[in-house]
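Asker: I'd like to ask you about the structure that follows.
The values are calculated or read from the model by the stated rules, or taken from the named source; none is laboratory data. Because the structure is a prediction, the values reported are computed rather than measured. Positions of Cβ are backbone-derived with ideal geometry, glycine not excepted, and every protein chain shown enters the neighbour counts.
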Amino acid sequence: MLAAFADLVRTTGAGPVAELGCGPGRITAHLRDLGLDVFGVDLSPVMIGLAREAYPDLRFEVGSMDALDLADGKLNGIVSYYSVIHTPPQEVPSYFAEFRRILAPDGHLSLAFFESEGDPVTAFDHKVVTAYRWPIDDLAGLAGEAGFVEVGRMLRAPREEERQFRHGHLLMRAAK
């Protein structure tokens with residue numbers, strides 16, 4: 001999905017891409033390796049420290065996904081992998097609204113999350129904070145309400161070494 005995301009971002013312009021909820025920066029570095037102008041943002045100063053240490057050539061900032069210090073329409077792409085899962089369900093619409101605000105028209109959003117396999121939004125214990133599994137249609141619907149159009153989706157079974165939840169991926173485009 002990240003390679004497809006990178007291809008789509010390149011077709012719509014050369015603007016920057018943000019990985020929101022970047023953790024230790026591995027996906028940010030992978031996006032750079034795919035040829036994108038990318039930086040990472042995470043709420044945790046500890047994670048940003050690890051990212052800066054591992055990838056000193058990349059830019060990483062401490063920040064919250066619901067109040068980013070970026071101009072409207074500044075980004076050409078956003079990746080948020082397993083970050084929205086930490087957001088209480090009632091707050092997810094405000095995150096999507098912020099993503100839409102900072103994303104240029106026709107910019108792309110790539111989301112990854114734990115999918116609830118037909119159940120409603122379900123809380124589960126996570127090593128950091130409570131996290132949530134989402135029905136893919138519900139998350140796509142909330143993104144749509146914030147001004148995104150679905151480009152693609154994928155569901156995949158967990159690998160043996162992963163938490164045994166189905167994984168959901170959504171690829172969205174910001175409506176004009």
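Asker: Out of (1) on the phi < 0 side of the Ramachandran plot; (2) part of a loop (DSSP other than H, G, I, E, B), what's the single condition that is false for A51?
Answerer: That leaves (2) as the condition not met.
Asker: Run Q164 past the list (1) within 25 Å of G15 (Cα to Cα); (2) out of contact with any strand residue (DSSP E or B) (no Cβ under 7 Å at 6 or more places or on another chain) and report the number of the one that doesn't hold.
Answerer: (1)
Asker: Examine segment 2-10 for a residue that is of a type in the set (A, V, I, L, M), touching a residue at least 40 places away in the same chain (Cβ under 8 Å), surrounded by fewer than 16 Cβ atoms within 10 Å (Cβ to Cβ) and assigned to a loop (DSSP other than H, G, I, E, B), and state whether such a residue exists.
Answerer: no
Asker: Among what's in segment 11-32 and is closer than 25 Å to E150 by Cβ and part of a loop (DSSP other than H, G, I, E, B), pick the residue that is nearest to the chain's Cα centre (by Cα). So that I can check it myself, show each step before the final result.
Answerer: Quick first cut of segment 11-32, residues closer than 25 Å to E150 by Cβ only: 11-22, 27-28, 30-31.
If we keep only those that are part of a loop (DSSP other than H, G, I, E, B) too, we end up with 13-16, 21-22.
On the way: G13: 19, A14: 19, G15: 17, P16: 14, G21: 7, C22: 9 Å.
Checked segment 11-32; the qualifying residue nearest to the chain's Cα centre (by Cα) is G21.
Asker: Which one of the conditions (1) out of contact with any strand residue (DSSP E or B) (no Cβ under 7 Å at 6 or more places or on another chain); (2) exposed (fewer than 14 other Cβ atoms within 10 Å of the Cβ); (3) in contact (Cβ under 8 Å) with a residue 12 or more places away in the chain does R156 fail to meet, given that it meets all the rest?
Answerer: Result: R156 fails condition (1) only.
Asker: Any idea which residue in segment 70-102 is nearest to G15 (Cα to Cα), counting only those that are touching an Asp or Glu at 6+ places or on another chain (Cβ under 6 Å) and not aliphatic (A, V, I, L, M)? Spell out how you get there, then give the answer.
Answerer: We begin by selecting, within segment 70-102, every residue touching an Asp or Glu at 6+ places or on another chain (Cβ under 6 Å); these are 79, 94-95, 98, 101.
Applying the additional criterion that residues be not aliphatic (A, V, I, L, M) yields 94-95, 98, 101.
On the way: S94: 23, Y95: 21, E98: 18, R101: 15 Å.
Here the answer is R101.
Asker: Only one residue in E91, E98, E61 is among the acidic types (D, E), in a strand (DSSP E or B) and free of Cβ contacts under 8 Å to residues at least 40 places away in the same chain, so which one is that? Break it down stepwise before answering.
Answerer: On the way: E91 fails: in a strand (DSSP E or B); E98 fails: in a strand (DSSP E or B).
Only one candidate passes the filter, namely E61.
Conditions (1) modelled with pLDDT under 95; (2) buried (at least 24 other Cβ atoms within 10 Å of the Cβ); (3) of a type in the set (D, E); (4) under 11 Å from the mean Cα position of the chain (by Cα), marked per residue:
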residue: L34; (1), (2), (3), (4): no, no, no, no
residue: L50; (1), (2), (3), (4): no, no, no, no
residue: D66; (1), (2), (3), (4): yes, no, yes, no
residue: V79; (1), (2), (3), (4): no, yes, no, yes
residue: L103; (1), (2), (3), (4): no, yes, no, no
residue: H108; (1), (2), (3), (4): no, yes, no, yes
